[in-house]
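The values are calculated or read from the model by the stated rules, or taken from the named source; none is laboratory data. Owing to the predicted nature of the structure, the values given are computational and were not obtained by experimental measurement. Note: ideal-geometry Cβ built from the backbone for every residue, glycine included; neighbour counts use all protein chains shown.
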């Protein structure tokens, strides 16, 4: 899969193409359905398949700190998209210029002149362009004029609730990890690079791998049962804490994910790992003494091992 970052790096392709467009935050089941139709259309007509997404996401540019919290980072989007056999991901930088671009200008200047679009795959609620003036009716009208086809994909629903990034954010904000994972079509996970911490876990007898998080991270602070992908898709069981470590008076209040893996000792510094969130055990708490904290960690680990139905001595 080829990744093109920025319109300035986009060269005119010399064949027709099939394109789908969106933010694709979460790469949930609805997005996956769009990717599947894009892939099938490209294969049927033997033409390149292209996913267009935006960085930052439009609302992040327009609302800044008031924008919805992300489900997936750009790196995570690319990671999940790679499994759908798409030829190219075009990442367009959303800025003031792009904000002012009308839907028709976007279609003509990019989709037609650069990508020679033959098919556009979109969801039934898709809108784009300046003041969101672009919709399926405009696409069909321009399709008749510029000879491309619009493939409308119906939204997916679960229990009469539309599968959307907004619904998943709401589920995660309420710690409904099971529902979020169902809508995503995979376990909700955090993917990031392991960084050096202050070695508190190691001093307590529970060395952890640390991932820095956005302070507006969707899940509430607390302790979770997790599975961890470290390499070759091999999963390890473990326990993680998400939060600011209130017992250690971190004045910067940086939010961190700290994960302790059972029955393994690996140097993960600098490596990317994926932490799959399974179940919340408790909220983050303040402990007035190291002894109380160690006792609580011991009890938390026992609860997680009971959840995974594993022997205490085995891990």
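Checking the stated criteria, residue 172 turns out to be under 27 Å from residue 302 (Cβ atoms) and buried (at least 19 other Cβ atoms within 10 Å of the Cβ).
Take residue 239 and tell me if it is touching a helix residue (DSSP H, G or I) at 6+ places or on another chain (Cβ under 8 Å), under 21 Å from residue 73 (Cβ atoms) and buried (at least 16 other Cβ atoms within 10 Å of the Cβ). Let's see the steps before the verdict.
Numbers: touching a helix residue (DSSP H, G or I) at 6+ places or on another chain (Cβ under 8 Å): yes; under 21 Å from residue 73 (Cβ atoms): no; buried (at least 16 other Cβ atoms within 10 Å of the Cβ): yes.
For residue 239, the condition - touching a helix residue (DSSP H, G or I) at 6+ places or on another chain (Cβ under 8 Å), under 21 Å from residue 73 (Cβ atoms) and buried (at least 16 other Cβ atoms within 10 Å of the Cβ) - is not met.
Taking residue 287, is it modelled with pLDDT of 85 or more, out of contact with any strand residue (DSSP E or B) (no Cβ under 7 Å at 6 or more places or on another chain) and surrounded by 14 or more Cβ atoms within 10 Å (Cβ to Cβ)? So residue 287 fits the description; yes.
One residue alone among 78, 86 is under 18 Å from the mean Cα position of the chain (by Cα), assigned to a helix (DSSP H, G or I) and farther than 18 Å from residue 149 by Cβ, and that residue is 78.
Out of 162, 152, 141, I need the residue that is surrounded by fewer than 19 Cβ atoms within 10 Å (Cβ to Cβ) and under 26 Å from residue 62 (Cα atoms). Which one?
Answer to the selection: 162.
Applying the condition of being surrounded by fewer than 16 Cβ atoms within 10 Å (Cβ to Cβ) and over 15 Å from the mean Cα position of the chain (by Cα) to the stretch 61-74 and asking which residue is nearest to residue 110 (Cα to Cα) yields 62. Listed conditions (1) under 16 Å from the mean Cα position of the chain (by Cα); (2) at pLDDT below 90 are all met by residue 102, apart from (1).
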